[in-house]
Each structure stands twice: as C-alpha cells, then as structure tokens.
Amino acid sequence: VIFLKEKVLKLIRNNEKWKKAILLVMLIPIAVIAFAVRSNADSEIPPEEDIPEISEDADWSVSDVSDTSGTIYVDIGGAVKQPMLAELPSGSRVEDAIVAAGGLTDNADLTTINRAEYLEDGEKIYIPKYADELNQNYVNGYVGTDGLSSNAVNSTGSTGKININTADSAQLQELNGVGPSTAQKIIDYRTSNGRFQSIEDIKNVSGIGDKTFENLKDDITT
C-alpha cells in the first residue's frame, strides 16, 4: 500500500494534467457550497421596494389632493355682460362662471346668488337684476317675471307703441307678422333672460330676423 501511494504521488508530481484534475475535483464541492449559501441568503432578504422620495419643501394645498380633472359646461345668463355657454374646469364655482361671462352688469342683483357654490356639468345659472328695475315694471303694469301685464292700457304706453317687456300674448299679436307662436317665444325669452334693453334685442328671439324687425321697429318700445 505504501509503495502504491508513493507511486501515485510521484505520478501526480510529474504530470501537470493530473495536478489540474485533482485541483478541479477539489474546487467543485467548494463552489457548490458557496452557491447554496448565496441562494439561501438571497431568499431571506425581501426585495427592496421603490419608495418615492418626499421633499420637505413640497407645497401641499387643498387643490393638490382634490380631483379637479375634466371639463364642465354651464349656461350662464341674466345680468352678465356676455351670456354664454361657458366651458370651465371641474371644481369651478359660480364666481368662475361669472368671470367667464365677462363679469356682472351694473344692475345685477346678487341677493340670492351664492358665488362660492360649486358647479355641476349642464347647470343653468341666471343672475337676476335689481328690484328697482322690477318696481318700474309694476308702474308700467308689469306683474312678476312671466311676461304678463295687469294693465293692458299701460302695455301700449303713451306713444301707442307695444311695450315688448310688458305686453301679453294678445297684445304682441297685434304687431305686424307676430302670431301666437312668435308671441310666446318673445314671452319665453324675456322670462329666461330678463327685460329687453333695447328694441333691437328682440332680434335675439328665435324666428325674428332683420326683415321682421324692420316691420316691427316703428310699433314697439321697451
């Protein structure tokens, strides 16, 4: 046995291939053990999560956390300078719609208007006018905002012209080219938009164009 051992050691010392083979056989178990230890360590450590950094100088406000994405459309009319269908960002208030419509007219009455109220898509906003103007309507025989007159004589005025702000349907039909349908359109328009400021404003009524106005202008007043 000793003789055989000496022969093998001598063979290994004199043969480079044998040296490399023996070294490789010794390294394989070491590599396997190292890989197993590394795999076990990786499985015990949870993956690092991506956590966004929060700057101490970040500017936090209510608008940062509220959902104001999207667009709404509101119809604003009455005592504003430019009655319109306004396109506004979600989360807008009545005041924003007033600003979009060019602001208030001098006779706007905000007694019943909450300018801080939030708006919803498709909402109709009507800004009324001062009561002192409505009081003048009462003097002329105009009652309420439904376009009806309590005094048929006052609706024609001292000049004999029809007051398009106070005349009822029957009186409006006395005008050249105005039938029941057009008379109702005039009443509906002033109910939704307030008094006609001038006789030319009657052209804002659907169905009354320049030609019809020419036939009416000498017989109407505001």
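The values are calculated or read from the model by the stated rules, or taken from the named source; none is laboratory data. This structure is a prediction, so every number in the text was calculated from the model and none was measured. Because the Cβ atoms are built from the backbone with ideal geometry, glycine has one as well, and the counts that use them run over all protein chains shown. These accessible areas exclude ligands, DNA and RNA; they are computed on the full protein's heavy atoms, side chains included. Shrake-Rupley method; radii C 1.70, N 1.55, O 1.52, S 1.80 Å.
Using a cut-off of 21 Å between Cα atoms, the listed pairs LYS129/LYS161; LYS185/LYS211; LYS81/LYS129; LYS185/LYS217 include LYS129/LYS161 as exceeding that distance. Projecting label points 7 angstrom from Cα along Cα→Cβ for SER206 and GLU87 puts them 2.4 nm apart.
Amide H contacts of ILE162 (H built 1.01 Å from N, in plane; Pro and chain starts excluded): ILE220, THR221 sit under 5 Å, all sequence-distant by 5 or more or on other chains. Remark on ASP168: its backbone amide H falls under 5 Å from those of SER149, a criterion applied only to residues 5 or more positions apart or on other chains, H modelled at 1.01 Å from N.
Ranked from largest to smallest solvent-accessible area, with a 1.4 Å probe on the protein heavy atoms, LYS129, LYS161 come out as LYS161, LYS129.
Database remark: amide H of ILE125 closer than 5 angstrom to the amide H of ASP75, ILE76, GLY77 (H placed geometrically; neighbours at sequence offset of 5 or more, or on other chains; Pro and chain starts carry no H).
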